[in-house]
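Asker: Below is the structure I would like to discuss, written out as structure tokens.
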Amino acid sequence: MKMSDRIDSLLSRMTLKQKVGQLNQEMLDFRRLEEIKEKIRKGEIGSLILVDSAFAGHDKSARASVEVLNELQRIAMEESECGIPIIYGKDVIHGHIIVLPVPLALAASFNMPLIKEGYSAIAEAAAADGIHWSFAPMLDLSRDPRWGRIIESPGEDPYLGAQIAKAIVEGFQGEDLSDPKSIAACAKHYIGYGASEGGRDYHKAEISDYTLRNYYLRAFKEAVKSKVSTVMTSFNEVSGQPVSSSYYLLTELLKNELGFEGFVISDWEAIKQLKKQGVADSMKDCVYLAFNAGLDMDMVDRLYIQHLEELVEEGKVSMEALDESVRRVLNIKLKLGLFDHPYTKCDAPIDRSKLRSLSREAARESMVLLKNDNNVLPLSKNAKIALIGPMVNERRALLGAWTLDYDLDEVKTFREALPEIAPEAEWYTCDSGLVDDELRMIRRADVVVLVLGESHEVTGEARSLTSIELPVGQAELVRKARSLGKPVVGVICCGRPVALDNVDDCLDAILYAWHGGSQTAYAAADILFGDVCPSGKTPVTFPRVTGQIPIYYNHPSSGRYVNGYYGEEAINNYEDCLGSPMYPFGYGLSYTSFEYTECKLSSDKISLEALEEGETIKASVLVTNTGNMDGKEVVQCYIRDVCASMTRPVKELKGFEKILIRKGQTVEITFELGKEELGFYNKDRNFVVEKGEFEVYIGDNCLTQNKAVFEVI
Ligand code: GLC
């Protein structure tokens, strides 16, 4: 029987209450297990979220055993009237038992095949634990490192965000959603959450439709194109309209214009909060607004189960609309194969070795070498090394926020990992953590490795900061270390980009290791000792100081003089700070060097008609590894639409390729620029390419001046 026929048949047999039950997600609270079982029997629960606290991202959640999940599923299949399986959802954000780098770090890898492979392995591990659905990828374009959730994001660029959306959705969902190793993905938080004012979590986002469509929507558009199963609404409002009650955003734009066929779930109690946001005067009114906006499933505030039936009976919610939402939910359950295979095998092992090697590879490719004066790196494996700093003996923080299921035994500290990778070196470290003991170590060493960073507890949800400098005391340690006249290497383990203005000149080298997951220390050691050539690039701009925020590369040109970011004259700088960032978007050093030839174009013009027919302009360079070490380079292609009906960014990433180039080898890289790359949403919400001059840049970060010009005629 076709899926649609199965759904029609199911719907025809369901009562109103049972239909509403499919739109209700409850928390698997072990303290209420019997109550939950009873609700399942009555068909009042369509989904369970496997967390036991509102701030799951910071606590190790109680793990539901496969046996318990199968028992609850058995009740749904055998003891409820409809026999509709429950879909189990969980925040499997960047790992399961073994953890990959936080998503912002993964974005720094610019390695989409690796990200896809990593999420495929995570899906297999989560599915083995009975999880059907993950609330990831988080696709909120983020320009504000004060916002703790920037660590979950793909960074500041729409194109990079779109590629990551595709990689994670395909990694999670595989070729066939019914494969027992696949899980459903969830594009979140739709939409504009990363623009929360002041980086204050949950605050309003003031985003014009023009900006929303050309920046924030891009990753979600790609997720829908990649057949993402679900979308989660964000807590914020967009310019006066809470997303969870916006018919324009949820139905007109997401479902009708983008053609999203899965179902929309609210964020945690985001329906209930509509009253607090001042657009609803009762809980029933919250339900009326959210459901009629196009929000299909209610996450844990139990409002749909309380008020939807009544609203249908009163004619304020149409049975047709209700059936449409239930159809969307049943369709995903059918695609997951839950009707035919509702139970999880209890003995399915998790392939830890695959996850472990993927975690290490992802961490290696995510780490960004920001600075390497006098080639102080790589270190000799026979050096006398002082290894000190607040993160030397840290484990949990390296996993980052939004890590619910992890095994700390899988996490080596820097103190354990580095001497293992370089056993011949002389190691000076101290357990005291007292700075004067640490200084004593420095005096005995040839080189100092400072392991610095922030706790995972100051990143993630509800964790905004007013200052993004290194945590208290660390700048002093850096300055003191510098004053002792030894080369100083900073290894920085943070989730967000931190402002390095007060330490940068005291560090000879900076390796940004992020919250790099279970294998952070090993991967950092691989790079520090030259076993691996660093290849990460910044997925977000690194401000000099907090006061520069928001600062991002793909901004429109200012009307007067210069743009600061690109380091032109002082006119546009602050009185007390340069206008340029500490490190720009797409930036990262290598142990080798790469030379680019001039950017060449296949033509100096292309017609609108040709673009409509799918023709493209091809932009090419030759890249040569001129160093004495094999290395990976992220070749980046940017455009500028010089004159258009609306202001356009001075640079926009429209392509990148990460490629291994052997020492002495030359490779040709070509990017195709067609309608999708050259177009933008204009003031009338139409996606258009306009005639006029376009600049193309190809280089190793957004500041590249390797330019060619063509015209759309
Ligand atoms: C949280 C987060 C969301 C998460 C959900 C379930 O509040 O905003 O990202 O998926 O609730 O834990």
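Asker: Is there a residue being assigned to a helix (DSSP H, G or I) and either more than 18 Å from residue 135 (Cα to Cα) or open to solvent by 40 Å² or more (accessible area, probe 1.4 Å) (or both) anywhere in the range 198-208? Show your work before the answer.
Answerer: Taking the range 198-208 and keeping what is assigned to a helix (DSSP H, G or I), we get 198-199.
Now narrow it down to the ones that are either more than 18 Å from residue 135 (Cα to Cα) or open to solvent by 40 Å² or more (accessible area, probe 1.4 Å) (or both): 198-199.
Within the range 198-208, one or more residues are assigned to a helix (DSSP H, G or I) and either more than 18 Å from residue 135 (Cα to Cα) or open to solvent by 40 Å² or more (accessible area, probe 1.4 Å) (or both).
Asker: Search the range 568-583 for residues being within 23 Å of residue 215 (Cβ to Cβ) and open to solvent by less than 50 Å² (accessible area, probe 1.4 Å), and hand back the single one that is modelled with the lowest pLDDT. Please lay out each step first, then the result.
Answerer: First pass over the range 568-583, keeping only residues within 23 Å of residue 215 (Cβ to Cβ): 572, 579-583.
Next, from what is left, pick out any that are open to solvent by less than 50 Å² (accessible area, probe 1.4 Å): 579-583.
On the way: 579: 89, 580: 93, 581: 95, 582: 97, 583: 98.
So the residue we want is 579.
Asker: Something else: I'm trying to understand the selection: among the residues of the range 245-267, which are assigned to a loop (DSSP other than H, G, I, E, B), in contact with a Leu (Cβ under 8 Å, 6 or more places away or on another chain) and under 23 Å from residue 51 (Cα atoms)?
Answerer: 266 - this is the single residue of the range 245-267 that is assigned to a loop (DSSP other than H, G, I, E, B), in contact with a Leu (Cβ under 8 Å, 6 or more places away or on another chain) and under 23 Å from residue 51 (Cα atoms).
Asker: Can we say residue 257 is surrounded by fewer than 23 Cβ atoms within 10 Å (Cβ to Cβ), assigned by TED's automatic domain parsing to the domain that holds residue 327 and more than 14 Å from the ligand (Cβ to nearest atom)?
Answerer: yes
Asker: A further question follows. What's the number of the only condition in (1) among the aliphatic types (A, V, I, L, M); (2) open to solvent by less than 10 Å² (accessible area, probe 1.4 Å); (3) in contact with a strand residue (DSSP E or B) (Cβ under 6 Å, 6 or more places away or on another chain); (4) within 30 Å of residue 587 (Cβ to Cβ) that residue 162 fails to meet?
Answerer: (3)
Asker: Somewhere in the range 383-394, is a residue closer than 30 Å to residue 179 by Cα, assigned by TED's automatic domain parsing to the domain that holds residue 471 and part of a loop (DSSP other than H, G, I, E, B)? First the steps, then the outcome.
Answerer: Step one: of the range 383-394, the residues closer than 30 Å to residue 179 by Cα are none.
No, the range 383-394 contains no residue that is closer than 30 Å to residue 179 by Cα, assigned by TED's automatic domain parsing to the domain that holds residue 471 and part of a loop (DSSP other than H, G, I, E, B).
Asker: Same structure, new question: Just name the residue that is farthest from residue 503 (Cα to Cα) out of those in the range 344-375 that are in a helix (DSSP H, G or I) and open to solvent by less than 10 Å² (accessible area, probe 1.4 Å).
Answerer: Here the residue is 355.
Asker: Exactly one of these conditions fails for residue 312: (1) open to solvent by 10 Å² or more (accessible area, probe 1.4 Å); (2) away from the ligand (no atom under 16 Å from the Cβ); (3) without any contact (Cβ under 8 Å) to a residue 60 or more places away in the chain; (4) of a type outside the set (D, E, K, R). Give me its number.
Answerer: (3)
Asker: Would you check if there is a residue in the range 483-491 being outside any helix (DSSP H, G or I), on the phi > 0 side of the Ramachandran plot and without any contact (Cβ under 8 Å) to a residue 24 or more places away in the chain?
Answerer: Yes: one or more hits.
One line per residue, one yes/no per condition, for (1) in contact with a helix residue (DSSP H, G or I) (Cβ under 8 Å, 6 or more places away or on another chain); (2) away from the ligand (no atom under 15 Å from the Cβ):
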{"residue": "146", "(1), (2)": "yes, yes"}
{"residue": "153", "(1), (2)": "yes, no"}
{"residue": "161", "(1), (2)": "yes, yes"}
{"residue": "176", "(1), (2)": "no, yes"}
{"residue": "181", "(1), (2)": "yes, yes"}
{"residue": "194", "(1), (2)": "yes, no"}
{"residue": "197", "(1), (2)": "no, yes"}
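Asker: Could you tell me which residue of the range 435-456 is surrounded by the fewest Cβ atoms within 10 Å (Cβ to Cβ), considering only residues that are more than 16 Å from the ligand (Cβ to nearest atom) and closer than 19 Å to residue 398 by Cβ?
Answerer: Going through the qualifying residues, I end up with 455.
Asker: Scan the range 664-713 residue by residue and report those that are closer than 26 Å to residue 567 by Cβ and either hydroxyl-bearing (Ser, Thr, Tyr) or assigned to a loop (DSSP other than H, G, I, E, B) (or both).
Answerer: If the condition is that a residue be closer than 26 Å to residue 567 by Cβ and either hydroxyl-bearing (Ser, Thr, Tyr) or assigned to a loop (DSSP other than H, G, I, E, B) (or both), then 697, 700, 701, 702, 703, 704, 705, 706 are the ones that fit.
Asker: Here is a follow-up. Does the range 184-194 contain at least one residue that is open to solvent by 20 Å² or more (accessible area, probe 1.4 Å) and in contact with a Ser or Thr (Cβ under 9 Å, 6 or more places away or on another chain)? Working first, answer last.
Answerer: Here is the first cut: in the range 184-194, the residues open to solvent by 20 Å² or more (accessible area, probe 1.4 Å) are none.
Within the range 184-194, none of the residues are open to solvent by 20 Å² or more (accessible area, probe 1.4 Å) and in contact with a Ser or Thr (Cβ under 9 Å, 6 or more places away or on another chain).
Asker: Filtering the range 320-331 down to residues that are surrounded by fewer than 22 Cβ atoms within 10 Å (Cβ to Cβ) and touching a residue at least 60 places away in the same chain (Cβ under 8 Å), which residue is farthest from residue 283 (Cα to Cα)?
Answerer: Taking the range 320-331 as the starting set, the residues that turn out to be surrounded by fewer than 22 Cβ atoms within 10 Å (Cβ to Cβ) are 320-321, 323-324, 327, 331.
Subset that is touching a residue at least 60 places away in the same chain (Cβ under 8 Å): 323, 327, 331.
On the way: 323: 22, 327: 25, 331: 28 Å.
Looking at residues that are surrounded by fewer than 22 Cβ atoms within 10 Å (Cβ to Cβ) and touching a residue at least 60 places away in the same chain (Cβ under 8 Å), I get 331.
Asker: Based on this model, can you work out whether residue 378 counts as open to solvent by 70 Å² or more (accessible area, probe 1.4 Å), assigned to a loop (DSSP other than H, G, I, E, B) and either closer than 28 Å to residue 535 by Cβ or at pLDDT below 95 (or both)?
Answerer: The answer is no for residue 378.
Asker: Restricting attention to the range 268-283, does a residue exist that is in a helix (DSSP H, G or I) and crowded, with 21+ Cβ neighbours inside 10 Å?
Answerer: For the range 268-283, residues in a helix (DSSP H, G or I) and crowded, with 21+ Cβ neighbours inside 10 Å: present.
Asker: Restricting the range 690-713 to residues that are open to solvent by 20 Å² or more (accessible area, probe 1.4 Å) and aliphatic (A, V, I, L, M), which is nearest to residue 581 (Cα to Cα)?
Answerer: Per the criteria, the residue is 703.
Asker: Please pick out the residue among 404, 399, 418 that is open to solvent by less than 10 Å² (accessible area, probe 1.4 Å) and at pLDDT below 95.
Answerer: 404
Asker: Moving on. Which of (1) within 16 Å of the ligand (Cβ to nearest atom); (2) open to solvent by 10 Å² or more (accessible area, probe 1.4 Å); (3) under 14 Å from the mean Cα position of the chain (by Cα) does residue 136 not meet, given it meets every other one?
Answerer: Looking at each condition in turn, residue 136 falls short on (2).
Asker: Write out, first by first residue and then by second, each pair whose Cβ atoms fall under 8 Å of each other, whose residues are 6+ apart or on separate chains, and whose first residue, in the range 422-442, is in contact (Cβ under 8 Å) with a residue 12 or more places away in the chain while the second is of a type in the set (Val, Ile, Thr) and assigned to a helix (DSSP H, G or I).
Answerer: From residues that are in contact (Cβ under 8 Å) with a residue 12 or more places away in the chain, the pairs are 428/442.
Asker: From the list 687, 656, pick out the single residue that is within 13 Å of residue 619 (Cβ to Cβ) and open to solvent by 30 Å² or more (accessible area, probe 1.4 Å).
Answerer: From the options 687, 656, the qualifying one is 656.
Asker: Still on this structure, please answer the following. How many residues does the range 493-547 contain that are of a type outside the set (A, V, I, L, M, F, W, C), surrounded by 24 or more Cβ atoms within 10 Å (Cβ to Cβ) and in a loop (DSSP other than H, G, I, E, B)?
Answerer: Total satisfying the criteria: 16.
Asker: Does the range 69-117 hold any residues that are within 16 Å of the ligand (Cβ to nearest atom) and either at positive phi or open to solvent by less than 10 Å² (accessible area, probe 1.4 Å) (or both), and which are they? Please lay out each step first, then the result.
Answerer: Our first condition is that a residue be within 16 Å of the ligand (Cβ to nearest atom); within the range 69-117, this holds for 87-96, 102-104.
Across the range 69-117, the qualifying residues are 87, 88, 89, 90, 92, 93, 94, 95, 96, 102, 104.
Asker: Also, I was wondering about something else. All but one of (1) touching a residue at least 60 places away in the same chain (Cβ under 8 Å); (2) open to solvent by less than 10 Å² (accessible area, probe 1.4 Å); (3) within 15 Å of the ligand (Cβ to nearest atom) hold for residue 242; which doesn't?
Answerer: Failed condition: (1).
Asker: Just to be sure before I move on: is residue 467 open to solvent by 10 Å² or more (accessible area, probe 1.4 Å), touching a strand residue (DSSP E or B) at 6+ places or on another chain (Cβ under 8 Å) and within 30 Å of residue 58 (Cα to Cα) in the structure I sent?
Answerer: yes
Asker: Show the residue pairs that are 6+ apart or on different chains and have beta-carbon atoms under 8 Å apart, the first residue being within the range 456-479 and in the same structural domain as residue 498 (by TED's automatic domain parsing), the second being open to solvent by less than 40 Å² (accessible area, probe 1.4 Å) and among the polar types (S, T, N, Q).
Answerer: What qualifies is 456/403; 466/546; 467/546; 468/546; 469/546.
Asker: Let me ask you something else. Testing residue 58 on (1) over 22 Å from residue 181 (Cβ atoms); (2) more than 13 Å from the ligand (Cβ to nearest atom), one condition comes back false. Which one is that?
Answerer: Only one criterion in (1) over 22 Å from residue 181 (Cβ atoms); (2) more than 13 Å from the ligand (Cβ to nearest atom) is unmet by residue 58, namely (2).
The values are calculated or read from the model by the stated rules, or taken from the named source; none is laboratory data. Computed from a predicted model, the values in this text were never measured in an experiment. Ideal geometry is used to build each Cβ from the backbone, glycine not excepted, and the neighbour counts take in all protein chains shown. Calculation scope for accessible area: heavy atoms of the full protein, side chains included, ligands and nucleic acids excluded. Shrake-Rupley method; radii C 1.70, N 1.55, O 1.52, S 1.80 Å.
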